[in-house]
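Take a look at the structure set out below.
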Amino acid sequence: MYLLMLRIRKFEEKVVELYPAQDMRSPVHLYIGHEAIATGVCLNLRKDDYVSSNHRGHGHCIAKGMDMRLMLAEFYGKKTGYCKGKGGSMHLVDPENGVLGTSAIVGGGLPLAVGAALASVMQGNERVSVAFFGDGAVDEGSFHESLNFASLKKLPVVFVCENNFYATNSHQSARHSNNDIACLAEGYMMPSVCVDGNDVITVFETARNAINRARSGKGPTFMECRTYRWKAHVGPDCDVEKGCRPREELDQWVKRCPVKRFRELLLDENVLPESEMLELARQVDEEIEEAVIFAKNSPLPSPTELYEDVY
Amino acid sequence: MDLPVDKVESTRASGPAAEGKRTRTYREALREALAQAMERDSRVFVAGQGVDDPGAVFGTTKGLAERFGRQRVFDTPIAENGITGIMIGAALAGMRPVLVHMRMDFLPMSMDQIVNHAAKWRFMFGGRVNVPLTIRCIIGRGWGAAAQHSQSLQALFVHIPGLKVVMPSTPYDAKGLLLASIADENPVIFVEHRWLFDQSGYVPEEEYVIPIGKGVIRRKGRDATVVAISHMAYEACKAAESLEKDGIDIEIIDPRSLSPLDDELIFDSVKKTGRLIIADTGWKNCGVGAEIAARVASDALGYLKAPIRRIATADTPTPCSFELEKEFYPSSEDIIFTVKELLNKSPLSPQPYRR
């Protein structure tokens with residue numbers, strides 16, 4: 001669990017480091033600050049369970065077992081990337097790991113997860129779908145349409161709302177008549193909880209119950225995970241300097257860093273000694289360095305590949 | 001799916017089937033295609049508003065729910081965008097959904113999932129996934145259906161790479177193209193015309209596919225090429241009979257698929273006749289006719305002996321009053337007038353303002 005959180009954090013930090021060189025030409029929406037959610041949820045999933053994700057999807061993809069080398073290659077527009085350079089940072093897919101695709105249209109991924117769950121029921125398998133989305137998706141009709149249908153048909157879906165309180169720079173209070181997102185899901189007759197999205201243990205346990213419930217045919221569950229993004233909506237910088245958000249708000253959330261909190265818990269409870277943590281960090285750094293080298297050394301697609309894969 | 005490709009090409013768009021041949025209506029052909037696809041392939045299912053109600057989408061899904069169960073033939077909430085996304089998700093997870101809309105006018109509600117998702121999923125992800133989804137939708141004409149229950153929106157979808165668009169005009173093509181659409185690995189917008197549902201014609205009992213992207217010559221002729229889409233193929237046939245009496249011999253091409261379009265069939269015909277008229281069920285402005293005209297102007301201009309003409313609905317929303325409908329919708333009369341005009345066989349009256 002710690003390893004996975006660290007992997008996501010360090011992967012994103014590497015993107016921050018590399019991005020200013022301007023050879024990674026794809027808009028990046030970084031997951032820093034949200035790590036506990038993808039980690040806590042995905043560690044409960046089987047390889048063949050489905051995940052739909054959004055523009056801020058790097059964390060979900062890593063947590064679902066995707067290869068950081070192929071992800072970075074994709075960000076660099078390389079032929080060896082997950083999507084042969086046609087998707088970029090916002091569009092990642094991996095059918096072998098159940099990743100249905102990351103949609104950069106807000107709310108677009110929810111129905112896909114519901115549809116995959118419908119297929120699971122029709123095929124009589126026990127695959128569960130997880131839809132990851134932000135509080136912005138709650139504004140969309142597809143959110144309500146998806147929740148209604150999943151509940152109507154008792155489909156094996158877990159809706160995971162990562163509420164970081166901002167859709168681009170619009171605060172939730174400027175968009176939602178009811179700021180209690182979890183409460184909306186109750187209206188669709190499904191169990192719904194609001195949890196601290198920066199507490200990986202809580203997320204893990206809540207997700208485990210929800211996923212077990214889905215797998216046993218009892219229908220969908222809704223999880224609102226409150227968290228905060230450290231970086232701007234898009235790009236490697238922070239937007240606090242631009243006045244997009246109050247600095248004090250960010251500072252407070254940084255103090256509640258999910259990785260740091262879990263690290264402290266592991267140390268306090270003597271689960272993992274510091275030396276082993278350092279070793280894990282070294283291992284992750286190595287993996288990421290290898291991914292960077294792979295991505296940078298990979299060939300670009302040839303112009304004629306543009307015309308492939310339309311149909 | 002390995003279905004035989006039928007080589008029979010009906011040269012007539014309408015009328016009684018050849019003697020001794022099996023005859024079915026357009027609606028029966030659609031229903032038969034759905035039943036056969038579901039019978040053979042457990043991945044196929046049918047969803048949409050009213051597919052299991054007594055009306056059964058103008059009878060095209062009648063009996064399917066009883067035969068295949070309501071898990072495979074089911075009603076949906078009126079949530080076009082969400083339901084379309086759900087069908088895409090099911091397709092990604094190995095199913096082959098057929099989503100049915102009673103009116104094409106409801107597709108704009110699902111533009112996000114069709115345009116931003118279904119059409120993009122294969123390309124955007126480097127060909128690693130695909131969306132085998134068929135979206136059936138129905139256009140109509142007349143009886144005061146007015147602006148929100150009548151629209152021929154095919155051009156909107158033809159514009160989008162990653163989508164296929166088909167518009168069958170005969171029972172034979174309805175069955176063959178529906179089976180082809182369900183078997184296709186890509187999203188297909190399958191556009192039916194309500195005025196065709198009662199038309200009957202030859203429909204083989206066995207399964208067969210009409211290749212998507214392949215048009216057909218409905219009538220061979222030498223004087224002018226009329227590319228006639230969906231119901232306009234009937235209007236063109238009517239026009240041909242009348243023109244024949246005046247010694248004018250038109251060639252009618254039914255493209256059947258609008259995306260991909262059978263360019264070559266059209267070019268070859270234009271090279272022979274030197275005149276082109278496109279009769280569409282939709283609007284003229286940026287319509288399918290404009291695209292066909294542009295392709296011919298680009299690739300076969302030297303063969304043209306006359307300007308290209310487009311016959312389309314007036315560039316206004318659809319009216320209700322039957323008096324206004326008569327003005328709005330083109331008919332065989334418009335085709336006759338335009339053909340004669342291009343052949344300089346009618347007094348050169350100014351073009352009607354709407355054409």
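Just so you know, all these numbers are worked out from the coordinates, no wet-lab data involved. Owing to the predicted nature of the structure, the values given are computational and were not obtained by experimental measurement. Every residue, glycine as well, gets a Cβ built from its backbone with ideal geometry; the counts of neighbours run over all protein chains shown.
Packing order of peptides B:224-230, A:275-281, B:338-344, highest average first: B:224-230, B:338-344, A:275-281 (average count of other Cβ atoms within 10 Å over each peptide's residues). Orientation-averaged projection of the protein assembly as shown equals 32.6 nm² [convex hull of Cα atoms, one quarter of hull surface area].
Taking a straight Cα-Cα cut-off under 30 Å and skipping sequence neighbours fewer than 8 places away in the same chain, the lysines within cross-link reach of B:Lys272 are B:Lys7, B:Lys164, B:Lys214, B:Lys220, B:Lys238, B:Lys245, B:Lys284, B:Lys305, B:Lys340, B:Lys345.
Peptides A:164-174, A:188-198, A:147-157 ranked from most to least packed, by the mean per-residue count of other Cβ atoms within 10 Å: A:147-157, A:188-198, A:164-174. Shown for segment A:126-279: lysine pairs separated by 8 or more places, or found on different chains, whose C-alpha atoms are under 30 Å apart, numbering 7. Taking amide H positions as modeled 1.01 Å from N, with prolines and chain starts lacking one, no residue 5 or more places away or on another chain lies under 5 Å from A:Gly65. Antiparallel beta bridges, as assigned by DSSP with both residues in segment A:2-298, represent about 10 percent of the total such bridges. Peptides A:241-252, B:295-306, B:259-270, B:141-152 ordered by packing proxy, namely the average of other Cβ atoms within 10 Å per residue, highest first: B:259-270, B:141-152, B:295-306, A:241-252.
Here the convex hull built on the C-alpha positions of segment B:216-342 has a volume of 98 cubic angstrom per residue. Straight-distance candidates among the aspartates and glutamates for linking to A:Lys64, with alpha-carbon spacing under 15 Å and chain neighbours fewer than 8 residues away dropped: A:Glu35, A:Asp48, A:Asp49, A:Asp94, A:Glu96. Taking the DSSP beta bridges with both ends in segment B:160-303, the antiparallel portion is around 30 percent. For the peptide A:98-109, the mean number of other protein chain Cβ atoms found within 10 angstrom of a residue's Cβ is 5. Taking every residue in B:333-345 and counting other chain Cβ atoms within 10 Å of its Cβ, the average works out to 0.
Between A:Glu289 and A:Ser275, residue separation times 0.36 nm minus the direct Cα-Cα distance comes to 2.9 nm. Here segment B:23-202 has an Rg and Dmax of 15.1, 46 Å, counting Cα atoms alone.
If you wrap the tightest convex hull around every Cα atom of segment A:2-298 and split its volume per residue, you get 121 Å³. For chain B, a Kirkwood hydrodynamic radius built from all Cα pairs, placed in the Stokes-Einstein relation at 37 °C and 0.692 mPa s, yields a translational diffusion coefficient of 159 µm²/s.
Measuring nothing but how far apart in sequence close Cα pairs (under 8 Å, 6+ apart) lie, relative to its length, segment B:23-202 scores a relative contact order of 28 percent. Peptide B:37-49 has a mean shielding of 1, counted as Cβ atoms of other protein chains within 10 Å of each residue's Cβ. Within the set of other residues whose C-beta is less than 12 Å from the C-beta of B:Gly126, count the net charge using Lys and Arg as +1 and Asp and Glu as -1. That sum, taken over residues with Cβ under 12 Å, equals +2.
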